[in-house]
1. Report ³J(HN,Hα) in whole Hz for each residue of region 57-72, in order, from the Karplus equation J = 6.51 cos²θ - 1.76 cosθ + 1.60 where θ = phi - 60°; Gly and Pro get x.
2. Excluding residues on the same chain fewer than 8 positions from LYS126, give the lysines whose Cα lies under 17 Å from its Cα.
3. Sorting ILE109, ILE83 on the 10 Å Cβ count, fewest up front, what's the list?
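What follows draws every value from the coordinates through simple rules; no lab data is involved. Note that the coordinates shown come from a computational prediction; the quantities given were computed from them, not determined experimentally. As a convention, Cβ positions derive from the backbone with ideal geometry for all residues, glycine included, and neighbour counts pool all protein chains shown.
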Amino acid sequence: MFPSSFPARAWFSGGGAPGPPPLFPALPPPMPGGARCATQCFFQGPGGAGGAPPAPPLPPLAERCDVAVRQIRLAAEDKGEHIAMLEARKQYAWYLKGVPHANYYKEQIVRMNTLEDMERITAGIKRDLK
């Protein structure tokens with residue numbers, strides 16, 4: 001994943017980073033100015049000083065919804081449905097970031113309490129949004 005000249009032995013992505021996994025699908029190569037820190041490369045953005053490549057396009061919305069549902073189900077198995085749904089309210093909304101006309105469903109997401117609510121909302125998203 002990292003070039004052989006990368007000075008660190010381990011790298012943590014930061015558990016508080018928002019967005020659906022994978023958070024950082026591909027790190028840009030080391031920058032010519034000597035900056036080899038992943039954070040520096042990430043925050044300089046596309047076409048920055050290091051010429052970092054643009055972010056890859058997002059997967060189709062239906063695929064993102066399937067990943068979100070899987071994530072929430074796994075959390076429900078691990079933490080229980082109540083806690084998983086409280087956490088999912090914030091996480092699921094991130095999967096809709098940048099989707100036109102998704103505000104109605106974001107409002108529904110922040111009110112969901114059960115896995116059945118999640119299934120109903122996901123079916124509506126797949127039906128109405130592309």
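1. Ordered by residue, 3J(HN,Hα) equals x, 5, x, x, 4, 4, 5, 4, 5, 4, 5, 4, 5, 4, 4, 5 Hz.
2. Filter leaves LYS97, LYS106.
3. Values: ILE109 24, ILE83 12.
Neighbour counts put them in this order, fewest first: ILE83, ILE109.
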